[in-house]
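Visitor: Structure in structure tokens, see below.
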Amino acid sequence: MSNEQFVPGQRWISNTEADLGLGIVIECLNRRVEIGFPAVLEQRTYAMDNAPLSRVIYEPGETVNNHHGEALEIQERLENRGCFIYRCIDQSGTEVILPEPDLDSAVHFSRPEQRMLAGQIDRHGLFKLRVRTLEHHHRLMSSPVHGLLGARVQLLPHQFHIAVELSSREHPRALLADEVGLGKTIEAGLVLHQRLISSRASRVLVVVPDNLVHQWLVELMRRFNLMFTLLDEARCEALLEDLYAGNPFESAQLILCPLSLLTHRDARLNQALRADWDLMVVDEAHHLGWSPEASSHGYQCIEALAKQIPGVLLLTATPEQLGPEGHFARLRLLDPERYHDLEAFKQESDRFHHLSHTIAPLLEEGGVDLLAADSRIQKEIIGWLGEEALGNWLALPTEKREQGLSVLIAQLVDRHGTGRVLFRNTRESVKGFPKRLLDAVPLEAPAVYEAEAPTAALEKALRPEKLLGSDWVDVDPRVEWLVNWLRTNKREKALVICAESSTAVALEEYLNLREGIRTAAFHEGMSLINRDRAAAYFADLELGAQVLICSEIGSEGRNFQFASHLVLFDLPLSPDLLEQRIGRLDRIGQRNDVQIHVPYYQDSAVGVLLDWYDSGLEAFTRVCASGEAIYHKFAEDLHTCLTDPLNADGLSQLIDETRDARIELESKVAAGRDRLLELGSCNSERAAELTQAVSDAEVSDELQSYAEKLFDRFGVDTQPHGEDGLVLHMGEHMLTQLPGLGDEGLTLTFNRERALSREDIEYMSWEHPLLAGTMELVLRGEYGNNSLCTLKLPPLPAGTLLLEAIYQPRTTAPRSYQLERYLPKGLVRVLVGPNGQNLAAALGHDPLNKLAETVSRNASQNMVRLARDQIVEQIKQADGHAGKELKPLIDAALEKMNAEQGAEVERLKALAAVNSGIHPEEVDALQARQDAMQAALSKAELKLDALRVFLVRE
């Protein structure tokens with residue numbers, strides 16, 4: 001306690017109960033002081049010599065409120081018999097005298113200088129954590145991959161290239177048409193995640209086929225931490241009945257719904273149309289029927305929504321499979337003004353295909369020499385880019401022509417008609433996929449199957465266990481083969497997929513209980529948590545299950561590329577479903593060839609289907625993108641052969657016809673390949689830089705160290721979970737409730753690879769909701785915004801005060817502008833010495849952290865009381881030093897912003913002159929955005945964010 005005397009009428013604040021507001025001294029008697037707290041109508045009595053109170057003294061220039069709630073600016077502070085009288089002016093400029101007792105009692109101190117002078121001094125560790133959080137926050141916000149760090153996905157360059165390209169646009173409207181297995185869903189999820197994190201979108205509608213609803217729900221949650229609300233008819237009715245008679249589509253920010261919800265009832269479509277959306281994602285868009293004469297109801301629903309929603313992503317099959325009409329139908333959903341005439345679109349497509357085929361040889365080795373010698377190609381380039389572009393290239397020295405050719409091709413890609421709305425990557429261009437090897441295992445069929453199969457339904461003939469009786473596992477030779485294979489290959493993990501959950505359950509129980517093989521089951525009858533546990537048990541490479549036995553849902557959404565053996569216990573009657581099954585292992589990142597084992601009965605329907613898949617479609621050894629279309633073409637003939645498996649001639653003819661149809665269709669697709677469009681879909685050099693930027697920004701060791709300190713400071717109980725993981729639980733003395741940390745706790749890993757194989761634990765990234773939300777609590781709150789400590793510094797005499805002030809640049813602009821990325825630094829640091837000089841360059845923040853020694857709260861409060869006037873003066877001096885750094889900071893930010901945004905505006909203007917796909921409104925919007933950014937940056941201010949006082953001691 002200082003020597004300051006308590007006088008009735010003085011205003012004090014409780015250091016331990018700040019929420020009581022300003023207290024007023026009522027009476028001092030017998031070494032006791034009675035304090036009233038008018039804001040909460042309470043009184044407290046304290047011992048004078050150790051009362052946990054701090055005198056509240058306002059400085060000239062501060063704005064305060066009187067007890068009527070009127071805002072007054074202090075001009076002068078006068079003392080009268082131990083109390084203060086403030087001379088103020090009100091908002092009209094009239095002078096007002098404000099006695100200390102008339103101050104508003106309902107106050108809350110939040111600024112660092114207010115809290116320090118009021119005795120609300122934070123622990124030194126919290127101050128250091130706050131500054132570190134400021135540094136990390138700026139680093140993340142200024143990263144070129146901000147918004148793309150939190151996804152639990154492999155770092156595949158083509159996916160991140162598309163995500164960054166679309167996320168950079170004001171309103172992305174695009175067709176994602178990668179070949180099967182390249183991750184269109186992940187690309188869409190990355191775009192969603194980035195735009196939501198960066199506040200460029202807040203309301204999203206995802207529309208998918210009915211059978212994919214739950215797969216999308218889980219993918220968005222597991223991979224991107226995006227909690228979508230699933231709307232179906234029952235949910236809509238419940239909302240309307242139980243909550244309010246409003247719009248179910250406005251009940252949440254993120255809505256996922258099946259297409260049937262919009263097509264079956266006009267009321268639901270009208271409700272969706274009345275809701276305000278920023279972005280819509282539509283999966284399986286190729287199923288939306290359209291022709292020049294008519295369109296399906298589903299197409300009409302999506303068309304109506306697409307006209308109102310500024311951002312639209314359509315996920316679809318490879319465009320060549322749709323034909324020009326189908327391709328045109330998707331594009332007109334994105335831009336009906338640009339794509340309004342089918343015949344004009346066909347003519348334009350022919351021009352670009354001609355350009356693509358003419359330029360294609362330049363993409364191969366020797367392209368530079370070919371361009372220099374081939375007048376036909378030169379003429380083509382002149383026709384598209386002008387004589388000057390080719391002349392400049394020809395004038396380049398030989399050693400620079402390779403780079404110059406890349407520039408020419410990039411310009412041609414920019415001018416491509418659909419290059420800004422269509423993204424299509426192929427397996428050939430992406431690379432990195434494993435080989436597929438088929439191991440067809442013929443087995444002798446049990447007598448009961450041979451007797452029942454000829455008259456059985458096709459479904460049962462393709463699922464032999466349905467004809468073998470309740471004890472089928474004892475007589476099915478497929479089971480015996482599987483047991484022998486697993487025993488022979490004990491060190492190999494195998495994924496077994498069968499059509500039905502009952503089959504998976506019976507097979508898993510037999511292998512585990514009767515054969516002693518480590519197994520796990522995975523089927524729709526299990527809860528999501530139990531499925532996660534089963535997948536995690538299978539993923540454990542040391543003590544985990546040797547085999548995971550899945551029902552058909554095992555082919556949806558989960559990736560098990562750490563295993564390389566796939567056992568198809570039966571075969572689905574759908575090429576796409578077969579591809580889904582194989583795709584659980586055949587993925588980028590698979591280090592081994594994928595071994596596909598198919599045990600089947602000889603002379604059975606399964607054997608016929610296997611031969612048709614293998615010899616007709618080559619579906620086991622390669623991706624057959626046209627498989628489903630060919631299946632529908634030959635479905636009737638195939639079913640005939642399946643019901644008569646001994647008809648070898650009929651099967652041979654069917655296989656020949658299937659092979660011919662496949663080759664013809666694939667030839668058409670190959671002929672229609674647009675190499676320029678593929679280049680635009682993934683700039684490999686830029687894409688590699690992006691994934692490297694993600695790796696650099698993650699800095700997992702630094703992330704883990706910071707996260708552990710952050711959680712510890714907030715009172716979270718943490719336990720290690722391996723080398724790169726933690727188990728979190730709510731502690732008894734938590735400072736506040738943290739977002740995403742419930743009573744059940746959280747198990748997490750900081751390692752991306754481990755997170756990909758263990759979906760039962762959280763992937764903790766810089767953008768995980770728990771970490772990002774906790775960092776936001778620090779930055780937007782008061783935690784650690786002031787501190788006091790001591791240090792030994794021989795050059796300075798004992799008793800010297802040093803004041804370290806941390807300022808944060810602030811702009812008044814929409815968060816979606818992401819202006820922090822242009823600021824060269826996220827904080828301005830000033831260290832005021834005894835003579836008012838700035839010592840920041842001589843004494844760094846980290847060295848001072850090492851020298852600093854903590855002080856108890858009581859001692860800190862007494863020191864602040866004694867040194868109040870000097871601290872106030874040093875704060876003013878710090879403001880002056882910081883102000884000198886503001887203009888250079890703004891100038892650097894403006895220069896960087898105008899260079900980046902200006903270049904994009906000029907590029908878009910140049911493109912608009914030759915590419916009708918770019919609307920004038922898009923150019924105007926980008927220009928307006930640049931102007932708004934410039935205005936906001938020009939008015940940037942420095943806000944004092946944190947304050948630390950050092951007392952030099954002997």
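Visitor: Looking at region 242-283 only, could you name the residues that are of a type in the set (S, T, Y) and either assigned to a helix (DSSP H, G or I) or at pLDDT 95 or above (or both)?
Guide: Listed by number, the residues that qualify are S260, T263.
Visitor: Another one. Which numbered condition in (1) closer than 30 Å to L385 by Cα; (2) assigned to a helix (DSSP H, G or I); (3) among the charged types (D, E, K, R) is the only one that K307 fails?
Guide: With (1) closer than 30 Å to L385 by Cα; (2) assigned to a helix (DSSP H, G or I); (3) among the charged types (D, E, K, R) applied to K307, the lone miss is (1).
Visitor: Specify the residue that is surrounded by the most Cβ atoms within 10 Å (Cβ to Cβ); the eligible residues are those in region 497-528 that are free of Cβ contacts under 8 Å to residues at least 60 places away in the same chain and either β-branched (V, I, T) or not assigned by TED's automatic domain parsing to the domain that holds L467 (or both).
Guide: T519
Visitor: Under the condition of being in a loop (DSSP other than H, G, I, E, B) and in contact with a strand residue (DSSP E or B) (Cβ under 8 Å, 6 or more places away or on another chain), which residue from region 517-543 is modelled with the lowest pLDDT?
Guide: Ranking the candidates gives H523 first.
Visitor: Please go through region 413-439 and give me each residue that is in a helix (DSSP H, G or I) and either modelled with pLDDT of 75 or more or among the basic types (K, R) (or both), ordered by number.
Guide: R427, V430
Visitor: Answer yes or no: is there a residue in region 120-127 that is at pLDDT below 90, under 43 Å from the mean Cα position of the chain (by Cα) and not assigned by TED's automatic domain parsing to the domain that holds L710.
Guide: yes
Visitor: Right, something else. Among the candidates E219, E187, E179, single out the residue that is part of a loop (DSSP other than H, G, I, E, B) and either of a type outside the set (G, A, S) or surrounded by fewer than 23 Cβ atoms within 10 Å (Cβ to Cβ) (or both).
Guide: Sole residue among the options that is part of a loop (DSSP other than H, G, I, E, B) and either of a type outside the set (G, A, S) or surrounded by fewer than 23 Cβ atoms within 10 Å (Cβ to Cβ) (or both): E179.
Visitor: Of the residues in region 66-113, how many are free of Cβ contacts under 8 Å to residues at least 60 places away in the same chain, surrounded by fewer than 16 Cβ atoms within 10 Å (Cβ to Cβ) and under 51 Å from the mean Cα position of the chain (by Cα)?
Guide: Residues flagged as free of Cβ contacts under 8 Å to residues at least 60 places away in the same chain, surrounded by fewer than 16 Cβ atoms within 10 Å (Cβ to Cβ) and under 51 Å from the mean Cα position of the chain (by Cα) within region 66-113 amount to 11.
Visitor: Being over 30 Å from K400 (Cβ atoms) and in contact with a Gly (Cβ under 7 Å, 6 or more places away or on another chain) is the requirement here; does E337 meet it?
Guide: no
Visitor: Also: Which of the following residues is part of a loop (DSSP other than H, G, I, E, B), of a type outside the set (V, I, T) and within 16 Å of E941 (Cα to Cα): K825, K884?
Guide: After ruling out the rest, the residue left standing is K825.
Visitor: If you don't mind, another one. Can you tell me which residue is modelled with the highest pLDDT among those in region 457-506 that are more than 42 Å from the chain's Cα centre (by Cα) and hydroxyl-bearing (S, T, Y)?
Guide: The qualifying residue modelled with the highest pLDDT is T488.
Visitor: Can you tell me which of Q930, Q874, Q901 is closer than 30 Å to A840 by Cβ and either part of a helix (DSSP H, G or I) or of a type outside the set (A, V, I, L, M, F, W, C) (or both)?
Guide: Q874
Visitor: Then there is this: Suppose we keep only residues that are hydrophobic (A, V, I, L, M, F, W, C) and in a helix (DSSP H, G or I) within region 637-653. Which one would you say is surrounded by the fewest Cβ atoms within 10 Å (Cβ to Cβ)?
Guide: Result: A648.
Visitor: Right, next: Scan A925, A910 and give me the residue that is surrounded by fewer than 18 Cβ atoms within 10 Å (Cβ to Cβ), of a type in the set (G, A, S), within 30 Å of the chain's Cα centre (by Cα) and part of a helix (DSSP H, G or I).
Guide: The conditions single out A925.
Visitor: Please go through region 544-579 and give me each residue that is within 20 Å of A440 (Cβ to Cβ), of a type in the set (S, T, N, Q) and out of contact with any strand residue (DSSP E or B) (no Cβ under 8 Å at 6 or more places or on another chain), ordered by number.
Guide: Hit for region 544-579 is S574, nothing else.
Visitor: Go through region 344-367 residue by residue and tally those that are among the aliphatic types (A, V, I, L, M) and crowded, with 18+ Cβ neighbours inside 10 Å.
Guide: Residues in region 344-367 being among the aliphatic types (A, V, I, L, M) and crowded, with 18+ Cβ neighbours inside 10 Å: 3 in total.
Visitor: May I pose another question? Got a sec? Which of F84, F6 is of a type in the set (A, V, I, L, M, F, W, C) and in a strand (DSSP E or B)?
Guide: Just one listed residue meets the conditions, F84.
Visitor: Just to check your reading of the model, which residue among E399, E388, E365, E380 is among the charged types (D, E, K, R), more than 30 Å from R200 (Cβ to Cβ) and not in a helix (DSSP H, G or I)?
Guide: It is E365.
Visitor: Also, I was wondering about something else. Please indicate, with yes or no, whether at least one residue in region 263-276 is closer than 30 Å to E579 by Cβ, β-branched (V, I, T) and crowded, with 19+ Cβ neighbours inside 10 Å.
Guide: no
The values are calculated or read from the model by the stated rules, or taken from the named source; none is laboratory data. Keep in mind that this is a model prediction, so the values were computed, not measured. Neighbour counts are summed over all protein chains in view; Cβ atoms, including those assigned to glycine, are modelled from backbone coordinates with ideal geometry.
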